[in-house]
Each structure stands twice: as C-alpha cells, then as structure tokens.
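Okay, structure first, notes after.
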Amino acid sequence: MNSYQKKFKDEINELVLAAIRLGELGYVTSHGGNLSYRVEQKVFLITPTKVVKRKMQFDDIVIIDDHGDVLFESPGRMPTGETPMHLALYRFRPDLNALVHAHPPVLTGFSMVDQDLLTRPLLPEPVLEVGPVLTVPYAEPVSDELAAQFEKYASQSNAWLMQNHGITLGSSEGIERAVDLLEMTEAMAVSASVAFRLGKVGSISIEEVMNMERTLSSRNMPRPGDPRTIKKLTDLFYKE
C-alpha cells in the first residue's frame, strides 16, 4: 500500500463506497460520472477515467495535488478527464471538500430544457441543504472551457446543472454527504416535474425562507453557497 493510501485509507474507502452507491442509484451509466474528495488543502482523491462506478475498488482511486499532478495512481489508472472542472470548483469554493458529477435521469432532463423551475425555493430540505439548482452554459466535457464556466455560478449554490450534460453538486461535509444531497436533489426534480404536469407550481415565500435561518442556526448547519458572499438564505433565492 502506498504511503498516501495508508494516510487516507478511511477517506479512500468512503469515496469508493460513494462511487458504488452512485452507480447503484442509476445516476451514472457506463464510465460516466466522477467524484472527488479534498483530504488536505492541496491533496485530492479523485475517481479514475473509464472505470464503472459500481465496480470501483480501493486501488482504483487516484491521488492528485491542486495542480492536477498525480501523487499516486495504480498501473492502468488515470484521473478522470473532468479533473480541471473539479479543481476549478475547489478554487472557486474553498469551503467545499467533496464534489460529485453525475447524470441522474430527471435532473439531466431538466438540463436539456430552457427553464428556471429548480432555481426556485420549492421544498424546505433542498432550500436549507442545497440551494437553487443553477444552470451552467454548455461547454465541451473534459475541457478547460467547461471548468471556467462555473466561476460565475459557483458562489450562488451547491448544485449546478450542466446544460445538456448532467449535474455537479458539492458538499462541505464529505463525499458521502454529497451523494446524499444529490439523491435529495433528484427527488426534488421528480416532484417538480410531477407538479408541473398537474398545474401551477408554487414556491416557498420569502418570509418562510427567512424563517428557515433559525433552522440553520439551531442545527448548526452550513448555509448553501459561498460563505464569503452568502450571508442569508434569501441571498440565494430572492435577488434585489
């Protein structure tokens, strides 16, 4: 076992289990999707390219620095091609320590239409724990251009639809938590699509979103969005 693997054994195991869960949820197919985990300020665990997530194993995980240089990789393994996107988001959002990029069917469907339904405060838990689901304009996957597209949107949420591509979601509470939040967000998208078919979709009022600040404080929960710029939940959902 490599020295980095020994040092970050628990975190690697957590990442492997998160990747397997992502596959079992049906949020990725074939070699799609990727996950990363910041384990030190300049050290990241990241999933490899061309490995099915539900078959991920301990030795598959690649370890890189903040420039994308490989600190450890097993023979035949290379970091995901979306590494520039992950590292860019960590630069834009230093509070985050985990990212998951996937293609859950309903959220990916939302990424293919011109609408802003998921930017609205629809359900209490996603308001508190995820923020608005913002759409990042299309750019070629695995490109530096795609990574750069996130800068404008990174501070305003922890969830970003990638136009005609999928979703990336971040957490400050670890990679298992990031997958939890993705599952919550996909469930919200399912509910929103049903509500849209049934009639006019209602949103939670600004007054009630303001009241949710008490919940964040009483539960000592991190607020979605960049803590350097987002000081209250209404900053995310209601623009002056």
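Worth a mention:
- Restricting region 221-240 to residues that are open to solvent by 40 Å² or more (accessible area, probe 1.4 Å) and farther than 20 Å from Pro94 by Cβ, the residue that is modelled with the highest pLDDT: Lys232
- Any hit, region 161-182, residues being over 16 Å from the mean Cα position of the chain (by Cα) and assigned to a loop (DSSP other than H, G, I, E, B): yes
- Remark: Gly76 falls outside the filter, which requires a residue to be within 18 Å of Leu146 (Cβ to Cβ), assigned to a loop (DSSP other than H, G, I, E, B) and either in contact (Cβ under 8 Å) with a residue 12 or more places away in the chain or out of contact with any Gly (no Cβ under 8 Å at 6 or more places or on another chain) (or both).
- Every pair of residues 6+ apart whose Cβ atoms lie under 6 Å, when the first sits in region 149-168 and is over 18 Å from Asn97 (Cα atoms) while the second is part of a loop (DSSP other than H, G, I, E, B) and open to solvent by 50 Å² or more (accessible area, probe 1.4 Å): Gln163/Tyr138; Asn164/Met112; Asn164/Tyr138; Gly166/His103
- Strands (runs of 3 or more DSSP E) enclosed by region 16-66 - at least 2 residues per element that are closer than 26 Å to Pro94 by Cα and in contact (Cβ under 8 Å) with a residue 40 or more places away in the chain: 34-40, 43-46
- Residue that is modelled with the lowest pLDDT, among those in region 124-164 that are among the β-branched types (Val, Ile, Thr) and within 18 Å of Arg91 (Cα to Cα): Val142
- Checking each residue in region 100-122 for being open to solvent by less than 60 Å² (accessible area, probe 1.4 Å), outside any loop (DSSP other than H, G, I, E, B) and over 18 Å from Phe237 (Cα atoms) picks out Val100, His101, Ala102, Val106, Leu107, Thr108, Gly109, Phe110.
- Residue match in region 180-193 (condition: of a type in the set (Val, Ile, Thr), surrounded by 17 or more Cβ atoms within 10 Å (Cβ to Cβ) and closer than 28 Å to Ile46 by Cα): yes
- Residues of region 213-240 satisfying the condition of being assigned to a loop (DSSP other than H, G, I, E, B) and either among the basic types (Lys, Arg) or free of Cβ contacts under 8 Å to residues at least 24 places away in the same chain (or both): Asn220, Arg223, Arg228, Lys231, Lys232, Lys239, Glu240
- Yes/no for Ala189 being modelled with pLDDT of 95 or more, closer than 27 Å to Leu89 by Cα, more than 10 Å from the chain's Cα centre (by Cα) and assigned to a helix (DSSP H, G or I): yes
- Selection of region 203-212 for residues being touching a residue at least 12 places away in the same chain (Cβ under 8 Å), open to solvent by 40 Å² or more (accessible area, probe 1.4 Å) and outside any helix (DSSP H, G or I) yields only Ser203.
The values are calculated or read from the model by the stated rules, or taken from the named source; none is laboratory data. Bear in mind the structure is a predicted one, so any value in this text is a computation, not a measurement. Cβ: placed from backbone, ideal geometry, glycine included. Neighbour counts: every protein chain shown. For accessibility, only protein heavy atoms count, side chains too; no ligands or nucleic acids. Shrake-Rupley method; radii C 1.70, N 1.55, O 1.52, S 1.80 Å.
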